[in-house]
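Right, one structure below, let's go through it.
The values are calculated or read from the model by the stated rules, or taken from the named source; none is laboratory data. Computed from a prediction, not measured in an experiment: that's the story for all the values here. All Cβ positions, even for glycine, are placed from backbone atoms using ideal geometry, and neighbour counts span all protein chains on display. Protein only, heavy atoms only, side chains kept; ligands, DNA and RNA dropped before computing areas. Shrake-Rupley method; radii C 1.70, N 1.55, O 1.52, S 1.80 Å.
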Amino acid sequence: MNITLCGYGVVGKGVEKLCELTNDLNIQYIYVRKEKEDLPRFSNEEHIVEDPSIDIVMECMNGLEPANTLIRKALKAKKHVITSNKAVIATYLEDYLDLAKDNDTTIQIEACVAGGIPFLDALLKLQRLEPIQGYEGIFNGTSNYILDQMTKNALDYEVALKNAQDLGYAEKDPTNDVEGIDVYYKAVISNMLAYKNKKLELPKPVGISKISNNDIALAKENGKIIRHLAISVCKDEKVCTIIAPAFLDNGTFLANVENNYNAQTIHAHSFETLGYLGQGAGQLATAQAMMQNAMDTLENKERTIILTNTYTYDETLIKENWIIRSNKELTINYTKKDGSYYWIEQMDQTIIQKIKKQDTDAMIAIWR
């Protein structure tokens, strides 16, 4: 099968490397920015996604455009599309599924969430038999690396972030990672696939930028480790998702995920909990997920994405214990206060906005 590769950054170069491992998948064209089209196969012409000789378009760019335009053109031209672009999929997946159906082709998105971990594949496989009740996990390697370094080496947040940038884990502008926006996109996608549900907008995430060394020390004193989680539950045709830091007991699965690794658990009636651990980003890990989708297309084994449910969002579905750090006197019903720390028991995520209205600099986290 012949491929047009859109994007020649870290992941695109990884796809190129892995394509060399098989004679069945051949890159014919590479779509790049205008200023980059100076090598053989490179082009900035959109028609290369529609070329009659092309079977698969593999899109690994960032942002909505030109990715959205290229994906739509490819699907309308009856090309199979494989993408790692979580922003464009979180925004337009329903449109793409309709286009794929109308044009008798497919779109696959495994690399959009959890990098090399087959998390979305697991959701699609497991929900064939029974409803998925929920999932939770670490979905951003940059945030996990920063928190892990703060815990292990007593680094300040700013120093740990700089180290992550030096290693290539964090962008020059790390906002998407450290403020939970990256995880937001991934949770939107995961909810759709897990619950076969139309897209639901989620409350704004809580990131890790407010976590301090004092918080890390408090966690250690209480036998806990701080990790950044997405937590999702589906019950009685309602969905709820929280994205926030969490103080987790040392012995738990997610607390022991180190460095830039990701990990998730999936919950359903028959198996209760299944766990996954691995590289959630990176060149070859993400490219491998795209190549697995390409192999599925080659073998005509694509998993079908079905979004027929119209469940509603219910922010009260998940109740957690919370810890807040604020230098202000907060007007809240707390169960315990020690210095600048407040503890609140069994409260839903509406507590987040209540706190932010009183103190935008407050540290807000789940306490388990």
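Observations
- Extension reserve of the LEU307-LEU129 stretch, reckoned as 0.36 nm per residue once the Cα distance is removed: 62.5 nm
- Shown in residue order for the range 199-207 are the 3J(HN,Hα) couplings computed by the Karplus curve 6.51 cos²θ - 1.76 cosθ + 1.60 at θ = phi - 60°: 4, 10, 6, 10, x, 4, x, 9, x Hz (x for Gly and Pro).
- Distances between placed amide hydrogens fall under 5 Å for GLY134 paired with CYS234, HIS267, all partners being 5 or more residues away or on another chain.
- Rolling a 1.4 angstrom probe over the protein heavy atoms with all chains in place gives the range 223-322 an accessible area of 44 Å² per residue.
- All Cα-Cα separations within the range 153-197 were binned at 10 Å from zero, giving a P(r) of 26, 36, 23, 14, 1, each value a whole percent of the pairs.
- Residue-by-residue Karplus 3J(HN,Hα) for the range 325-338, coefficients 6.51, -1.76, 1.60, Hz, glycine and proline x: 10, 8, 8, 9, 7, 8, 8, 9, 8, 9, 9, 7, 9, 9
- Remark on LEU155: its backbone amide H falls under 5 Å from those of MET150, a criterion applied only to residues 5 or more positions apart or on other chains, H modelled at 1.01 Å from N.
- Over the chain: helical MRE at 222 nm, DSSP H runs n ≥ 4 each giving -39500 (n - 2.57), nearest 500: -10000 deg cm²/dmol
- Sorted peptide list for 9-18, 304-313, 138-147, criterion being average Cβ within 10 angstrom, highest first: 138-147, 9-18, 304-313
- Square roots of five times the Cα gyration tensor eigenvalues for the range 49-103, Å: 17, 13, 8
- 1.4 Å probe accessible area per residue over the range 14-73, in Å²: 54
- Local electrostatic count at LEU284 - Lys and Arg +1, Asp and Glu -1, tallied over other residues with Cβ under 15 Å: -1
- Chain lengthening between ASN333 and ASP95 when straightened (0.36 nm per residue, less Cα-Cα): 81.3 nm
- The relative contact order of the chain comes to 18 percent, based on Cα pairs under 8 Å that sit 6 or more residues apart.
- Distance between the C-alpha centres of the range 13-59 and the range 89-125: 20 Å, rounded to the whole angstrom.
- The fraction of all Cα pairs in the chain landing in successive 10 Å bins from 0 to the largest distance is 5, 24, 31, 23, 12, 4, 0, given as whole percents.
- Net charge contributed by nearby residues that have their C-beta within less than 15 Å of ASN44 (K/R +1, D/E -1): -4
- Among the lysines of the range 74-163, pairs at least eight places apart or on separate chains and with Cα atoms under 29 Å apart come to 13.
- Vicinal HN-Hα couplings computed from phi for the range 224-229 (Karplus, 6.51 cos²θ - 1.76 cosθ + 1.60; Hz; Gly/Pro x): 10, 10, 8, 9, 9, 10
- Each part gets one Cα centre, and for the range 303-368 versus the range 235-270 those centres are 16 Å apart.
- Over the range 111-262, the ratio between the Cα radius of gyration and 2.2 N^0.38 Å evaluates to 1.06.
- Sorting the segments 278-289, 109-120 by their residues' average number of neighbouring beta-carbon atoms within 10 angstrom, most packed first, yields 109-120, 278-289.
- In a DSSP loop and with at most 13 other Cβ atoms within 10 Å, the trypsin sites (Lys or Arg not before Pro) in the range 116-174 are ARG128, LYS172.
- Surface share of carbon and sulfur [accessible, 1.4 angstrom probe, percent] for the chain: 46
- Taken along its three principal axes, the alpha carbon spread of the range 1-154 comes to 51, 41, 31 Å, from the longest extent down to the shortest.
- Kirkwood hydrodynamic radius (C-alpha pairs) into Stokes-Einstein, the range 173-262, 20 °C and 1.002 mPa s, D in µm²/s: 149
- Quotient of C-alpha Rg and 2.2 N^0.38 Å, computed over the range 249-363: 1.55
- Percent of beta bridges antiparallel (DSSP, the chain, rounded to nearest 5): 65
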